[in-house]
């Protein structure tokens, strides 16, 4: 018996949960941006930047999921043992859960930042800083997952 089912589950956890966080965050920010742009289309560039920020969590989850797939035999290599598969599951939880929660939170921060910029464009940099603060936690979750995935015995990087 090998740990392929666990490795597939791990790749799914990393990509789906982080993707849900990003989709919700970007969706909320996009709704608010559309309202601002309906009043002032010249703010498109700034609204686009603020709307895209919650999308990074999904990217981080994809990278972790992709590394798992490469190393577990789905995209080449040998099938993992059961312990390796379970290790992938544990490694994927950090970015899966951390990415989802930070995506939700960053989306809320982006909505507030977009609303603040709608009142005064000079607040763009303040909004960027505030929204980016949430990104730190997504990055921490990504780094933990990444380090765990590349540390699982038998992985050739």
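All of the numbers you see were taken from the coordinates with simple rules; none came from a lab. These numbers come from a predicted model, not from an experiment. Counting neighbours? That spans all protein chains shown, and the Cβs are built from the backbone with ideal geometry, glycine included.
Tell me, please, whether a residue that is over 14 Å from residue 100 (Cα atoms) and surrounded by fewer than 17 Cβ atoms within 10 Å (Cβ to Cβ) can be found in the stretch 14-34. Yes; the residues of the stretch 14-34 include at least one that is over 14 Å from residue 100 (Cα atoms) and surrounded by fewer than 17 Cβ atoms within 10 Å (Cβ to Cβ).
Does the stretch 45-63 contain any residue that is assigned to a helix (DSSP H, G or I) and without any contact (Cβ under 8 Å) to a residue 12 or more places away in the chain? Yes - at least one qualifying residue is present in the stretch 45-63.
Residue pairs whose Cβ atoms lie under 9 Å apart, sitting 6 or more positions apart in sequence or on different chains, and linking a residue in the stretch 138-151 that is more than 13 Å from residue 100 (Cα to Cα) to a partner that is surrounded by fewer than 17 Cβ atoms within 10 Å (Cβ to Cβ), are 148/90; 150/157. The residue that is surrounded by the fewest Cβ atoms within 10 Å (Cβ to Cβ), among those in the stretch 70-89 that are touching a helix residue (DSSP H, G or I) at 6+ places or on another chain (Cβ under 7 Å) and within 15 Å of residue 151 (Cα to Cα), is 86. Of all residues in the stretch 21-37, one or more are over 16 Å from residue 116 (Cβ atoms), in a helix (DSSP H, G or I), free of Cβ contacts under 8 Å to residues at least 24 places away in the same chain and in contact with a helix residue (DSSP H, G or I) (Cβ under 6 Å, 6 or more places away or on another chain). The residues of the stretch 91-109 that are over 10 Å from residue 14 (Cα atoms) and more than 11 Å from the chain's Cα centre (by Cα), listed by number, are 105, 107, 108, 109.
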